[in-house]
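Data block below; observations after.
What follows is calculated from the coordinates using simple rules that are stated; it is not laboratory data. From a predicted model like this one, the values you see are computed outputs, not experimental measurements. Virtual Cβ from ideal backbone geometry, glycine too; neighbours counted across all protein chains shown.
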Amino acid sequence: NEVLQKADIAMYAAKDGGRNCWRIYDPSLQQDAYESMVLTNSLRRALEHQEFSLQFQPEIRLSDRRIIGFEALLRWNSAEHGPVPPGKFVPLAEKSGTIAAIGEWVLREACRFSRRLHDAGCPGLHVAVNLSPRQLSANNFPEVVREILVETGIEPGQIAIEVTENILIEPMEDSIRKLTELRELGVEVALDDFGTGYSSLTYLRRLPVSILKIDKSFIDGILDDPKQAEYVGFIIDLAHALNLRVVAEGVEVNAQIDKLRELDCDAIQGFVFSRAVSEPAALRLLQDWTEVP
Ligand code: C2E
Ligand code: CA
Ligand code: CA
């Protein structure tokens with residue numbers, strides 16, 4: 001029994017490791033599995049205990065250095081565990097299915113924020129929301145989006161949905177159909193983390209996206225490695241040929257901004273301008289910082 005139990009734990013670790021691989025049982029795996037279980041249990045109560053909040057990271061257009069939108073990033077301040085980073089709890093929420101309710105909460109809060117931006121005299125800004133594959137596979141997802149837009153009184157173009165390639169792990173035709181429906185409604189769709197995963201041209205061709213976000217891991221090397229810069233330039237040209245707007249993620253220093261402008265990148269997001277901040281701080285950024293220093 002014990003051997004089977006431990007083999008089971010190793011199997012789960014292998015599944016977490018991206019499947020199609022193996023793991024040897026190690027007592028630390030049991031610790032990890034236990035931690036995941038405890039966190040998952042707390043996650044189930046986190047919504048009703050109002051432990052979630054959103055922070056907003058600005059996106060800056062390079063041509064005029066203005067803020068053109070914000071990405072909503074989820075924060076969990078657990079009563080039991082303190083602040084837990086999204087990289088840790090989002091996968092657990094996906095596995096346990098709680099992501100459906102959490103994701104809907106995120107979307108509604110992001111739309112409310114968008115509404116307040118509009119009311120504060122900042123029209124034309126978009127708010128981007130990260131979407132997990134599980135959320136898209138819910139039958140009525142486009143309907144839910146439509147309802148929230150009506151409820152919060154904002155235009156579809158004020159919202160961007162960010163998806164990654166693994167959105168297509170779920171039945172692909174179904175995902176494409178739903179995203180197309182949203183796109184036709186006027187919602188922006190961004191392909192996130194481009195440059196990680198397969199980054200296959202098939203995704204760019206088949207997904208109804210309007211924005212391409214180049215992953216930080218690709219941007220990191222553009223100053224030291226000419227080949228890398230050339231590669232990013234090539235991605236930008238390709239995206240423009242497909243009529244996509246390009247956002248560089250994880251920009252940390254000014255020299256990267258100069259390089260990205262040279263490469264004809266449309267917009268940037270990163271610590272060089274601002275981390276994700278609370279709503280009042282986001283509104284202050286809009287007032288004080290129309291230009292990158
Ligand atoms: P992401 O969608 O790629 O979000 C960007 C992440 O990069 C954020 O981390 C942000 O704080 C970080 N970042 C931005 N600029 C810089 C920079 O200049 N340097 C560095 N080192 N990092 C930078 P965060 O907030 O920890 O989120 C991590 C991931 O968690 C997100 O990656 C996204 O995949 C996921 N996530 C966050 N909120 C949600 C959500 O509401 N729903 C879902 N499904 N996933 C979410
Ligand atoms: Ca994102
Ligand atoms: Ca990203």
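Quick rundown of the values:
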item: Cα centroid separation - region 91-137 against region 3-59, whole Å; result: 23 Å
item: Cα centroid separation - region 235-293 against region 169-184, whole Å; result: 28 Å
item: Ellipticity estimate at 222 nm from DSSP helix runs (n ≥ 4, -39,500 (n - 2.57)) divided over the chain, nearest 500; result: -15000 deg cm²/dmol
item: For q = 0.10, 0.24 Å⁻¹, Debye-computed log10 I/I(0) when each Cα of region 16-113 counts as one equal scatterer; result: -0.38, -1.26
item: Mean separation of Cα contacts under 8 Å (6+ apart) over length of the chain, as relative contact order %; result: 16 percent
item: Total charge dipole magnitude, the chain, about the Cα centre, Cβ charges on Lys, Arg, Asp, Glu only, Debye to nearest 20; result: 300 debye
item: Within region 26-140, percent of DSSP bridges classed antiparallel, to nearest 5; result: 75 percent
item: Rounded, prolate or oblate (a/c below 1.5 giving rounded, otherwise prolate when a/b exceeds b/c) for region 50-199 by Cα gyration tensor; result: rounded
item: Global geometry of region 145-293, whether rounded, prolate or oblate, following the gyration tensor of its Cα atoms and the 1.5 cut on a/c; result: oblate
item: Antiparallel content of DSSP bridges confined to the chain, in %, to 5; result: 40 percent
item: Cβ-defined net charge surrounding ARG23, 15 Å radius [Lys, Arg +1; Asp, Glu -1]; result: -1
item: For LEU131, LEU47, order by how many other beta-carbon atoms lie within 10 Å, fewest first; result: LEU47, LEU131
item: Fully extended contour minus Cα-Cα distance, from ARG261 to LEU242, at 0.36 nm per residue; result: 4.9 nm
item: Dipole magnitude of region 184-285, debye to nearest 20 (Cβ charges: Lys/Arg +1, Asp/Glu -1, about Cα centre); result: 160 debye
item: Net +/- balance of residues flanking GLN57 in space, Cβ distance below 9 Å, scoring K and R +1, D and E -1; result: -1
